[in-house]
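Notes to accompany the following structure.
The values are calculated or read from the model by the stated rules, or taken from the named source; none is laboratory data. For clarity, every value in this text was computed on a predicted model and none was experimentally measured. Cβ placement follows ideal geometry from the backbone for every residue including glycine, while neighbour counts extend to all protein chains displayed.
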Amino acid sequence: MKVTNIVSGRKIEIHRAIYNSQFDFYFGVNNDWFRYKYLDSETGSVEVTSFPEALNPEQYGIDKSARRHESVYITIGALRTEAGVYYRHASGQRNPLRLEGFPHLEISDATFEAVPTTNNPTEFLCVVIDGQLYTTDLCAYSNYRNTSFPIYGVNFAAQDIRFHDDFKSEFINQIRQSDSELVVGTFRGRYAIFENEEIARRYGETPSLGGYHLTTRSKDVLNDESVDWFVGFEVEKEDQEARNRCAWASSNLGNGWVVETDSSLDHRTGFEVVSPVFNLLDTKTMFDEFDRLDWVMNSGYSRRCGGHITISRRGVSAVDLIDKLAPFIPLLFSLYEGRLSTDYGGIQSKAEMKGGSRKAIFNCNFGRPSKDAVELRIFSAVSTLESIKFRTKLVQWIVKHIDNGTFTSFTEVADAMFTDKKLNKLLRSQYSAEKLARKQALVYVFGGCLEGQSPTEFLANSDNYERTLERMKRAYASVRNFTSRAVESKFGSHTIRKAIGQA
């Protein structure tokens with residue numbers, strides 16, 4: 001007897017063929033093939049058959065990596081599980097092994113019926129739907145490997161629930177990713193589920209945070225062609241209570257925000273919150289998120305902490321972006337002068353900024369060709385909710401003027417501190433007129449250092465040359481010793497004297 005080889009279309013002897021029982025076709029024994037599972041619609045049982053490599057398995061609904069046909073799966077709530085592993089339990093709501101205090105769900109639309117191997121099942125399939133935990137009438141065969149999890153409720157009363165070992169991780173992730181009040185944690189060295197965060201905090205062990213840069217933040221906005229400017233925030237903190245709260249959230253604060261460890265911070269209290277990538281000019285979205293996470297922004301910090309901001313512009317390389325930022329960098333140096341002496345935000349020359357020096361201004365493209373962004377590491381710790389809003393508005397002001405080409409030198413930016421209404425209003429929300437005048441004088445000083453200029457060059461047309469020069473000398477003399485040592489170590493005493501008109 002001959003049959004048609006579906007791969008070649010030729011007739012072959014049946015003893016030289018392999019039969020696919022799901023789709024009722026044959027192919028040759030010499031063809032490459034693999035085995036997969038499918039659900040037989042007539043018997044309701046899970047079967048195994050063969051499929052030739054030469055055909056596209058996806059067109060037949062087969063996941064080659066999992067060796068499963070789509071008919072094998074059943075989706076309940078957010079959990080996708082496999083038919084044949086579970087069956088419907090006849091006693092339904094009357095089963096005494098249900099979790100007390102949790103609703104029960106009859107799976108009336110299940111697409112399979114498997115025959116149970118025991119009349120005394122002990123493992124229920126539970127699912128989270130719309131934030132609510134349900135016991136279902138689906139039970140695992142008791143001869144499968146399974147794991148017990150305690151669920152702790154009010155007064156720390158515990159109930160046990162067991163899950164098929166192949167799907168326990170999916171269940172735990174389902175709880176973590178849902179809007180449920182349920183919290184996954186540990187108690188006495190084993191996984192546990194708590195009815196709410198209060199119970200978890202009271203009785204559970206504090207989980208660990210995600211490792212440095214091992215968690216994944218959202219970057220979806222990068223695919224939006226209408227967005228030109230992008231921004232991401234790193235908020236470093238040292239606060240035990242806030243750190244524990246982040247840990248209980250499994251290092252996931254929602255809406256794309258993640259939490260990581262950072263070796264530069266105190267190992268007991270330190271943590272770093274990393275934002276998703278935002279549209280830098282979408283103020284409402286960013287500020288709504290800052291408000292939602294006000295408990296992070298207002299938590300404790302030390303001098304070790306920073307508040308880095310990474311920006312990029314579509315179609316602009318990191319090196320070119322540093323050139324465009326150059327007129328504004330002395331302004332950032334003056335506003336965050338205390339960071340100039342730190343290991344992670346220290347002062348640099350312009351060449352070092354482009355060359356990948358991981359200090360105040362970092363070229364993220366250096367060593368990573370796929371990342372055309374600039375990290376502004378000069379920013380100090382986020383002290384309050386208002387402080388992150390202030391620096392966000394400042395960066396927005398800078399990038400808008402980069403696009404407009406308004407300011408091309410640091411002296412023009414320094415003048416704008418008093419003449420530009422938006423910038424002056426923003427700065428006056430943080431500084432008195434006297435302190436702002438001092439900051440302006442430091443812009444001239446740091447700009448002179450970066451450009452290697454003396455006041456006679458960049459203040460030549462100033463009506464108040466002598467007065468401005470005196471302010472620059474006083475302003476630089478007032479910076480802390482560790483800041484002046486860092487600046488002089490970088491640029492040398494002669495360059496500093498030249499910048500303040502003494503050479």
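Output the number of the condition that P455 fails; it satisfies all remaining conditions of (1) free of Cβ contacts under 8 Å to residues at least 40 places away in the same chain; (2) touching a helix residue (DSSP H, G or I) at 6+ places or on another chain (Cβ under 9 Å).
It is condition (1) that P455 fails.
Evaluate the following for V274: is it surrounded by 19 or more Cβ atoms within 10 Å (Cβ to Cβ), in contact with a His (Cβ under 9 Å, 6 or more places away or on another chain) and not polar (S, T, N, Q)?
It is true that V274 is surrounded by 19 or more Cβ atoms within 10 Å (Cβ to Cβ), in contact with a His (Cβ under 9 Å, 6 or more places away or on another chain) and not polar (S, T, N, Q).
Restricting to region 244-268, give me the number of residues that are at pLDDT 85 or above, more than 28 Å from V374 (Cα to Cα) and either β-branched (V, I, T) or buried (at least 20 other Cβ atoms within 10 Å of the Cβ) (or both).
0
Taking F366, is it more than 20 Å from R313 (Cα to Cα), in contact (Cβ under 8 Å) with a residue 24 or more places away in the chain and within 25 Å of the chain's Cα centre (by Cα)? Please lay out each step first, then the result.
Details: more than 20 Å from R313 (Cα to Cα): no; in contact (Cβ under 8 Å) with a residue 24 or more places away in the chain: yes; within 25 Å of the chain's Cα centre (by Cα): yes.
Against the criterion (more than 20 Å from R313 (Cα to Cα), in contact (Cβ under 8 Å) with a residue 24 or more places away in the chain and within 25 Å of the chain's Cα centre (by Cα)), F366 does not qualify.
Condition check ((1) buried (at least 16 other Cβ atoms within 10 Å of the Cβ); (2) basic (K, R); (3) over 19 Å from P103 (Cβ atoms)) across all residues:
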| position | (1), (2), (3) |
| --- | --- |
| Q174 | yes, no, no |
| L182 | yes, no, no |
| F187 | yes, no, yes |
| N196 | no, no, no |
| G204 | yes, no, yes |
| S208 | no, no, yes |
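Give me a count of the residues in region 31-42 that are free of Cβ contacts under 8 Å to residues at least 24 places away in the same chain and either exposed (fewer than 12 other Cβ atoms within 10 Å of the Cβ) or within 41 Å of the chain's Cα centre (by Cα) (or both).
3
Determine the pairs where a residue that is closer than 13 Å to F333 by Cβ, located within region 476-490, has a partner that is at pLDDT below 90 with Cβ atoms under 9 Å apart, the partner being 6 or more residues away or on another chain.
A486/T342
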